[in-house]
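The numbers here are math on the coordinates, done by the rules we state, and not lab data. Fair warning: this is a prediction, and the values are worked out from it, not measured in the lab. Here the Cβ positions follow ideal geometry from the backbone for every residue, glycine too, while neighbour counts run over all protein chains shown.
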Amino acid sequence: MNELIVILVSAFLLFVITLWKRKSPSNLREIPALTRLYRTLGLSIEDGTRLHVSLGNGSLLDARGGSTLAGLALLRHIAERTSVSDKPSVASAGDPTLGLLTQDTMQAGYQAAGVQELYVPTSGRVTGLSPFGYAAGAMSILQNENISANIIIGHFGPEAGLLAEASDRENMVLIGASDELSGQAVLFANTQDALIGEELFAAGAYLGAGASHLASLTLQDILRWFVILALLGGAAAKLIGVI
Amino acid sequence: MRVFTAVIAIAAGALVLGGYFLPVLAPVQTLLLNWATILAGAAVLVGIFNLVSVHSDKIRRHEKGNAYSALLLMALIVTFLFAMILRPDHIIMKVVLSGIIIPVEAALMGLLTISLLYAAVRLLRRRAELMSIVFLITAALLILGSATLPFGNIPVIGTFIRPWITQVLALGGARGILIGVALGALTTGLRVLFGADRPYGGN
């Protein structure tokens, strides 16, 4: 029942903070990778190159769904921004359910930009059903489709290294974030500015995806402070022999 | 229509979440999750059609790398036909799996080892900062501490430093990162549950 209380309180706070953020948007600390992503979005439209969003092989039916949903939220924003480009973005997924949602999300981005007729269903692709199969299929997109930036966001293990290596070989901008520790370690070694931990979930807020994204960042900070206080309190209680 | 899909998605999400806490909702939760599993199975077929469609287009337009696309489609059709005729548990199908797919993925894993080593070497050139140095030194100490040598573990590094890094520093750091990821996943899930993010279409 404790979990239910946490969820209900979080939901209430998210609702209240969203209303507050609509009136007074906050200043965000600089995250170099997300600044680079923002710049890359504009540059790709100007120089007529394509962005590739790698969403990984996370399923929506298990615990990895959170990072996958964060990736889809970012894709929705990128699709809207780049829909009028000569070379619109492509996205790849390693899970069939995610593949369907990728197409749907991109279509929603085109609709929001008012250019639904430009949407091509094959811009959202399923490239493989196993982690390495997915990476091999996505590498082919990177090598053959005039991609200027590869955005890796979602559930990735060590196979992210293959995508990073392919991006490096084609001199692309690489921005990477994963919810898996091994994927984060690989991306840290391979990218200019790595996104670590919960920074994965901040991308939408930094790209101006709306008040709800800003509110969820604030809520994360509040919850993080509660966790820190609980950890310190627990350690102190243990030290003095209360628990 | 968009409102309708949002209402269905939010209701389904709320019922599945409620099923974890309220026993009265558990049968509905099970039913919805079973539906999701069946739909996920159907999505595999859609995914395969998508794969065929993308690679057929590449072949038709003579795009770069179309030979690989042709190879992929041929392999897909042949494997599909054989599996339909022989059934997936036939010995030939098992050979296809254990003789082709698993070795290919293992080869990619081997390739990854080399590319990671190369990335580690280039890390300082790409990002010359304190954290990169810490990362490289830690990786070197762990590799040295885990190495199987004829004379056993390297003194101090193998017996003290490596266990201390993995069981104290790395474990603490990993838990911190995972707590952060869990909080992010919670707020993202709530956004979807409220309909603020709609990955199922609509604006």
### Task
Starting from the amide H of A:Gly176, placed 1.01 Å from N in the peptide plane, find each other amide H under 5 Å away whose residue is 5 or more places distant or on another chain.
A:Ile152, A:Leu195
### Task
Output ³J(HN,Hα) for the stretch B:21-30: one whole-Hz value per residue in order, computed from phi by the Karplus curve 6.51 cos²θ - 1.76 cosθ + 1.60 with θ = phi - 60°, and x for Gly and Pro.
10, 10, x, 5, 8, 4, x, 5, 4, 4
### Message
Test of understanding: in a Gaussian network model of chain A with alpha carbons linked when under 10 Å, which of A:Asn27, A:Asn150, A:Asn190 would top the mean-square fluctuation ranking?
### Response
A:Asn27
## Note on the structure
Taking r as the C-beta separation of B:Thr30 and B:Ile8 and R0 as 22 Å, the FRET efficiency to the nearest 0.05 is 0.75
### Other protein chain Cβ atoms within 10 Å, averaged over every residue that makes up A:187-194
5
### Message
In whole Hz and in residue order, list the ³J(HN,Hα) couplings for the stretch A:122-133 that follow from phi through the Karplus curve 6.51 cos²θ - 1.76 cosθ + 1.60, θ = phi - 60°; x for Gly and Pro.
### Response
7, 6, x, 10, 9, 9, x, 10, 10, x, 6, x
### Query
What's the exposure ranking of A:Val6, B:Val134, going from fewest to most Cβ atoms within 10 Å?
B:Val134, A:Val6
### Cβ neighbours within 10 Å from other chains - mean over A:207-217
3
### Query
How well do other chains shield peptide A:131-143, expressed as the mean number of their Cβ atoms within 10 Å of each residue Cβ?
3
### Message
I'd like the Karplus ³J(HN,Hα) series for the stretch A:181-192: coefficients 6.51, -1.76, 1.60, θ = phi - 60°, whole numbers in Hz, and an x wherever there's a Gly or Pro.
### Response
4, 5, x, 5, 5, 5, 5, 4, 6, 9, 10, 5
### Summary
With the 8 Å Cα cutoff and a minimum separation of six or more residues, chain B has a relative contact order in percent of 20
## Note on the structure
Expressed in angstrom, Rg and Dmax over the Cα atoms of the stretch A:117-243 are 19.3, 68
#### Entry: Value at 222 nm in deg cm²/dmol, rounded to 500, when DSSP H runs of n ≥ 4 in the protein assembly as shown each add -39,500 (n - 2.57)
-22000 deg cm²/dmol
### Task
Calculate the length of the line joining the C-alpha centroid of the stretch B:52-78 to that of the stretch A:140-212, in whole Å.
27
### Query
What is the spin-label model distance, in nm, from B:Ile77 to B:Ile137 if the labels are put 7 Å beyond Cα along the C-beta direction?
6.0
## Note on the structure
For B:Ile92 and A:Asn144, extending 7 Å from Cα along the Cα-Cβ vector and measuring point to point gives, in nm, a value of 2.8
### lysines whose Cα lies under 18 Å from that of A:Lys87, excluding same-chain neighbours fewer than 8 positions away
B:Lys58, B:Lys64
